[in-house]
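To keep things clear, I will list the structure first and then write my remarks on it.
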């Protein structure tokens with residue numbers, strides 16, 4: 001199936017929301033600090049180091065010539081299995097118990113289990129992914145449901161401009177609504193032809209291939225649509241609010 005076949009027919013309320021996002025009112029938005037994720041003691045030093053690097057803007061990635069137009073600046077292509085990075089806590093979620101809650105500024109709040117999710121129509125497509133630490137993995141085969149299909153069912157309200165994604169380990173990240181409706185943004189259940197493993201965020205994770213991979217929340221459990229941009233776990237620690245690898249949006253707003 002080509003990308004055009006994945007695009008949903010969005011309701012008028014969503015189009016109004018996109019217009020509001022492109023021309024936001026001149027008012028300040030509150031900044032909320034999300035609940036602390038469950039950081040394992042052995043990962044505390046890593047978190048502290050990355051916070052310091054973000055504050056200093058001092059992460060020096062290797063400048064390498066892109067091997068193709070698919071590799072953003074400052075990235076090196078890895079072969080084989082992609083590296084595993086997390087906060088040191090890998091929650092065990094039984095696929096039979098997994099649920100995804102869609103809440104916030106939507107006309108139809110919902111809770112999906114795996115059967116309901118898959119009934120929306122899975123796609124199996126190759127994607128390129130890019131980590132803020134400097135590696136890229138090309139042609140990664142992911143299977144899942146385009147998030148746009150779920151949002152079409154939920155019906156974003158006119159005031160909805162952003163989303164906060166929540167994970168089972170307490171992790172959160174923020175995303176503009178416009179980034180979530182792209183046809184290649186998946187609620188994924190499979191990677192490389194196999195069910196998602198626990199270490200890679202299984203049974204279900206988000207995949208946002210056009211942004212740095214910290215935006216692709218593992219162990220996905222919730223999505224809340226909100227008015228305004230509220231930073232998540234890494235964003236309050238100095239990472240960029242959006243994270244476009246082609247613009248090297250690693251730190252800052």
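We did not get these values from a lab; they are worked out from the coordinates using the rules stated. Small disclaimer: the values here were computed from a predicted structure and weren't measured. We place every Cβ from the backbone using ideal geometry, glycine too, and count neighbours over all the protein chains shown.
Using alpha carbon centroids, what distance separates the range 116-160 and the range 174-232, in Å?
What the calculation gives is 7 Å, centre to centre.
Please compute the modelled spin-label separation between residue 92 and residue 199, points set 7 Å along Cα→Cβ, answer in nm with one decimal.
If labels sit at residue 199 and residue 92, their model points lie 1.7 nm apart.
Place a point 7 Å from Cα of residue 110 in the direction of its Cβ. Which residues in the range 129-160 have their backbone N less than 20 Å from it?
143-160
How many percent of DSSP beta bridges within the range 38-247 run antiparallel, rounded to 5?
The answer is about 85 percent antiparallel.
Suppose R0 equals 22 Å; then what is the FRET efficiency for residue 101 and residue 69 from their Cβ-Cβ distance, rounded to the nearest 0.05?
0.05
Using per-residue counts of other Cβ atoms within 10 Å, averaged over each peptide, order 201-212, 98-109 from highest down.
201-212, 98-109
Once both labels are modelled 7 Å past Cα along the beta-carbon direction, what's the residue 76-residue 159 spacing in nm?
Computed distance between label sites residue 76 and residue 159 equals 4.8 nm.
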